[in-house]
Amino acid sequence: MDARHHPLSEEQLARLRRRLGERLIVLIGMMGAGKTSIGRRLANILSLPFLDADSEIEKAANLSISEIFEHYGETHFREGEERVIARLLSGGPAVLATGGGAFMSEATRQACGDMGITVWLKADVPVMLERVRKKGNRPLLKGADPEGTMRALLKEREPIYALADIVIASREAPHQVVVSDILTALQAHLHQGATA
């Protein structure tokens, strides 16, 4: 994506990076909200590393997320997820995409708040279902009623996701539109922090 597709000038991007300091931009939200694809584009524009917590977990375990769930269960996965995210948060400025359930951990939430600016990518269930159907590797959606499962998970997680610093609608629009929304919101959030 080039400069014409987002609202900030090079000077504004540089100021945003300076105000960010050592903090990370932490993307949270449900599976299919677009955290990885949007996160990559955002990191590219900001000239920051992109980190994907799920990929890092798979590397550390030498297993896919599905295999970890299958062999060891969700509790074991969540414990590993906490450790991996804590490590990633300590590595300096970056854009970090977290797994859908990561922010439900109080320890992870606290660490994300201490080390980063949290951005909830909020998407409607039909949009998320359409996106995850293309991948078919979501262990929590393996049952007979993926939509019912997703709606139940969203109902449980929404009040926690709502604790994020910034909420962005991840809608059925080109990714650069959502990235532009994030940049504008980040600029406002960091400016507010600088003048507080």
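Can you tell which of 144, 185 is within 20 Å of residue 39 (Cβ to Cβ) and either exposed (fewer than 13 other Cβ atoms within 10 Å of the Cβ) or at pLDDT 90 or above (or both)?
Working: 144 fails: within 20 Å of residue 39 (Cβ to Cβ).
None of the other options fit; the residue is 185.
Quick one: how many residues across segment 57-71 are closer than 20 Å to residue 89 by Cα, crowded, with 17+ Cβ neighbours inside 10 Å and not aliphatic (A, V, I, L, M)?
1
Does at least one position in segment 33-56 carry a residue that is of a type in the set (A, V, I, L, M) and more than 27 Å from residue 191 (Cα to Cα)?
yes
Go through segment 15-37 and give me each residue that's within 16 Å of residue 102 (Cβ to Cβ) and buried (at least 18 other Cβ atoms within 10 Å of the Cβ).
Once the filter is applied, which keeps residues that are within 16 Å of residue 102 (Cβ to Cβ) and buried (at least 18 other Cβ atoms within 10 Å of the Cβ), segment 15-37 yields 24, 25, 26, 27, 28, 29, 30, 31, 32, 33, 34, 35.
Any residue that is small (Gly, Ala, Ser) and within 14 Å of the chain's Cα centre (by Cα) - is there at least one of those in segment 65-87?
No, because not a single residue in segment 65-87 is small (Gly, Ala, Ser) and within 14 Å of the chain's Cα centre (by Cα).
Can you report the number of residues in segment 170-190 which are part of a loop (DSSP other than H, G, I, E, B) and more than 17 Å from residue 43 (Cβ to Cβ)?
4
Tell me which residues, restricted to segment 31-49, are closer than 20 Å to residue 153 by Cβ and charged (D, E, K, R).
Across segment 31-49, the qualifying residue is only 35.
What pairs come out if I take residues in segment 149-176 that are under 17 Å from residue 99 (Cα atoms) and pair them with residues that are exposed (fewer than 13 other Cβ atoms within 10 Å of the Cβ) and not hydrophobic (A, V, I, L, M, F, W, C) whose C-beta lies under 7 Å away, six or more apart or interchain?
149/143
Just to confirm my filter: which strands (runs of 3 or more DSSP E) fall fully inside segment 50-146 and include at least 1 residues that are of a type in the set (Phe, Trp, Tyr) and more than 19 Å from residue 157 (Cα to Cα)?
50-52
Residue 13 - would you say it is under 16 Å from the mean Cα position of the chain (by Cα) and either farther than 23 Å from residue 172 by Cβ or β-branched (Val, Ile, Thr) (or both)?
No; evaluated as a whole, the condition is false for this residue.
Listed residues 173, 123, 164; which is surrounded by fewer than 18 Cβ atoms within 10 Å (Cβ to Cβ) and either modelled with pLDDT of 90 or more or of a type outside the set (Phe, Trp, Tyr) (or both)?
So the residue among 173, 123, 164 that is surrounded by fewer than 18 Cβ atoms within 10 Å (Cβ to Cβ) and either modelled with pLDDT of 90 or more or of a type outside the set (Phe, Trp, Tyr) (or both) is 173.
The values are calculated or read from the model by the stated rules, or taken from the named source; none is laboratory data. Here the structure is a predicted model, which means the values were calculated and not measured. Counting neighbours? That spans all protein chains shown, and the Cβs are built from the backbone with ideal geometry, glycine included.
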